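Have a look at the structure below, then the notes.
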Amino acid sequence: MRSAPGAFPDVVRPPEGGYWEAGGRLWKPNPRFYIPRNIFHVVSLWFRCQGGMGGLAQLPGVGGVGDQAAWLMRAFSLLDGEEAKARRAKES
C-alpha cells in the first residue's frame, strides 16, 4: 500500500525504531537510500500527480496524456499496477 510522500524521510531508522516496509520486505536502513536518484524522482512525481480516488489530479507536463513523455506515462502505469497488487495482497 502506498505510504504518504514523506513516509521515507532523510533518516536512517524509522521513528518507532522498528523496520521500514517497502517492496514487500522489511528494511533496517531506510529503503530510500537504496533507490537510484532518478527512480526516486519519478516515484516522487507520481505521488504529486495523484488525485482523489486513485486518479491523476494533474499531469506533469502541459496537455493531455498523449502530450506526456511516453516513458513517464509507462512508469506511472507500472507504479499504479504495483500499488494495486500491494493493496490486494494487504486486503487478503
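Summary of computed values
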| item | result |
| --- | --- |
| Single unsatisfied condition, Ala22 versus (1) at pLDDT below 80; (2) exposed (fewer than 11 other Cβ atoms within 10 Å of the Cβ) | (2) |
| Pairs with Cβ under 6 Å, 6+ apart, first in region 22-51 and of a type in the set (A, V, I, L, M), second open to solvent by 30 Å² or more (accessible area, probe 1.4 Å) | Leu26/Tyr19; Leu45/Pro60 |
| Any hit, region 81-92, residues being surrounded by 13 or more Cβ atoms within 10 Å (Cβ to Cβ), modelled with pLDDT of 90 or more and either assigned to a helix (DSSP H, G or I) or in contact with a Gly (Cβ under 8 Å, 6 or more places away or on another chain) (or both) | no |
| Subset tally (residues that are open to solvent by 70 Å² or more (accessible area, probe 1.4 Å) and of a type in the set (Asp, Glu)) for region 60-80 | 1 |
| Where a residue in region 67-92 is among the aromatic types (Phe, Trp, Tyr) and its partner, wherever it lies, is not in a helix (DSSP H, G or I), with Cβ under 8 Å and at least six apart | Phe76/Leu56 |
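The values are calculated or read from the model by the stated rules, or taken from the named source; none is laboratory data. Being a predicted model, the structure only gives us computed values, none of them experimental. Heads up, the Cβs are rebuilt from the backbone with ideal geometry, glycines too, and the neighbour counts pull from every protein chain shown. Please note that ligands, DNA and RNA were not included when accessible areas were found on the heavy atoms of the full protein model with its side chains. Shrake-Rupley method; radii C 1.70, N 1.55, O 1.52, S 1.80 Å.
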